[in-house]
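Read through the structure below, which is laid out as structure tokens, and then see the notes.
Just so it is clear, none of the values below were taken in a lab; they were calculated from the coordinates. Here the structure is a predicted model, which is why all the values come from computation and not from measurement. Cβ sites come from the backbone with ideal geometry, for glycine too, and all protein chains shown count toward neighbours.
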Amino acid sequence: MHGVIPFEQQIKKINSDHFLTIGDLSSDEIFFLMKEAVKLKKEQKSGVTSSVLNGKVLGMIFEKASTRTRVSFEVGMLQLGGHAIFLSSKDIQLGRGETIEDTAKVLSRYVDGLMIRTFEHEMIETFAQHSSVPVINGLTNMHHPTQVMADLLTIYEHKGKLTGLKMCFVGDGNNNMCHSLIEGASKVGMNIAIATPDGYEPNKNIVNKANIDAKKWGSTIEIDSNPVKMMKNADIVVTDVFASMGQEKESNQRLNDFKSYQINENLCKYANKNFIFLHCLPAHRGEEVAAKIIDGPHSVVFDEAENRLHAQKAILKVLMGDTLQKE
């Protein structure tokens with residue numbers, strides 16, 4: 001680890017009761033969470049154990065399948081001294097018609113925090129409104145904030161800074177990863193360029209709000225259909241699958257629409273020579289990314305995947321730990 005993670009004020013907590021989007025956090029809060037993640041990662045690598053969440057239980061509701069989200073949250077709770085309970089929507093009354101409101105009120109009387117991985121973002125917002133314990137967004141169709149916290153940590157580890165760098169996202173601009181990357185980049189002073197076909201542009205409300213943050217830092221948000229133009233001088237190159245969970249019926253159409261948006265050696269020639277490649281995984285080699293890139297020297301996808309654990313431990317500690325709870 002090198003470099004210094006800056007922020008304006010020495011805060012000791014975050015003001016939100018929940019972790020639903022990157023856009024809900026201030027720049028200071030993002031940098032604070034990153035500092036916590038750096039500390040927790042160093043402790044874990046040194047064999048230092050923690051009991052900050054001793055006796056605490058995290059309920060994990062999954063309406064979407066998961067590898068990294070489930071394992072990282074479950075391991076994270078164990079490493080912080082707590083426990084996690086896996087709750088498939090098929091196994092609880094939510095999957096049989098019980099209202100979101102009732103489910104939130106009941107579960108929050110049993111557990112100390114809830115992580116939800118679901119489809120519609122409105123579902124998790126409703127859940128948070130009726131929960132008396134912190135709710136963490138493990139993924140929705142609109143946002144993937146826990147992944148982007150891990151991405152920012154990974155970028156910092158490999159580049160030594162965040163502010164002033166250029167990130168290029170190539171692919172579906174109207175997906176959860178792109179939305180959260182836009183919010184994250186704008187909060188830390190990173191320039192972001194999005195290459196996406198016409199009709200796949202990011203949500204306008206998210207972009208408009210992020211532009212306000214970007215202007216404070218003097219950074220930019222660019223959106224264009226030309227991947228070569230967007231890729232020029234990129235320090236970080238990012239993509240995601242062309243068809244996410246729930247979009248399988250659109251796969252053939254999307255593969256056609258995105259056929260010129262693959263991250264490959266030809267396109268990456270326009271990035272900076274020392275660029276790093278990120279992908280939230282799982283990846284489809286030969287579709288959104290060539291094997292020579294994701295398995296090549298520029299790829300840091302497995303550092304990124306590991307950092308889900310450390311970034312999420314910081315979120316869990318801040319939201320659920322007694323010493324960092326809101327006064």
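Set the bar at 22 Å for Cα to Cα. Now go through Lys39/Lys159; Lys41/Lys269; Lys161/Lys232; Lys273/Lys313 and name every pair that lies beyond it. In this structure, Lys41/Lys269; Lys273/Lys313 exceed 22 Å between Cα atoms. Taking 0.36 nm per residue of separation and subtracting the Cα-Cα distance, full extension of the segment from Asn272 to Asn205 would add 21.1 nm.
Mind giving me the nanometre distance, one decimal, between the label points for Asp198 and Glu265, set 7 Å out from Cα along Cα→Cβ? Computed distance between label sites Asp198 and Glu265 equals 3.3 nm. Restricting the calculation to alpha carbons of the chain gives Rg and Dmax of 19.1, 54 angstrom.
Taking the helices alone, the chain has a mean residue ellipticity at 222 nm of -12000 deg cm²/dmol, built from -39,500 (n - 2.57) per DSSP H run of at least 4 residues and averaged over all its residues. D by Stokes-Einstein for the range 147-302, Kirkwood Rh over Cα pairs, 4 °C, 1.567 mPa s: 85 µm²/s. Taken as Cα centroids, the range 37-91 and the range 94-150 sit 16 Å apart, rounded to the nearest whole angstrom.
Length available on full extension from Asn174 to Asp102: 0.36 nm per residue minus the Cα-Cα distance, which gives 22.8 nm. List the relative contact order of the range 199-317 as a percent without decimals, with contacts defined as Cα pairs under 8 Å and 6+ residues apart. It rounds to 24 percent for the range 199-317.
Measuring nothing but how far apart in sequence close Cα pairs (under 8 Å, 6+ apart) lie, relative to its length, the range 109-257 scores a relative contact order of 20 percent. Computed from label points 7 Å out along Cα-Cβ, the spacing between Leu78 and Lys229 is 5.0 nm. Bridgeable aspartates and glutamates around Lys317 (alpha carbons under 12 Å apart, same-chain partners fewer than 8 residues away excluded): Glu36, Asp112.
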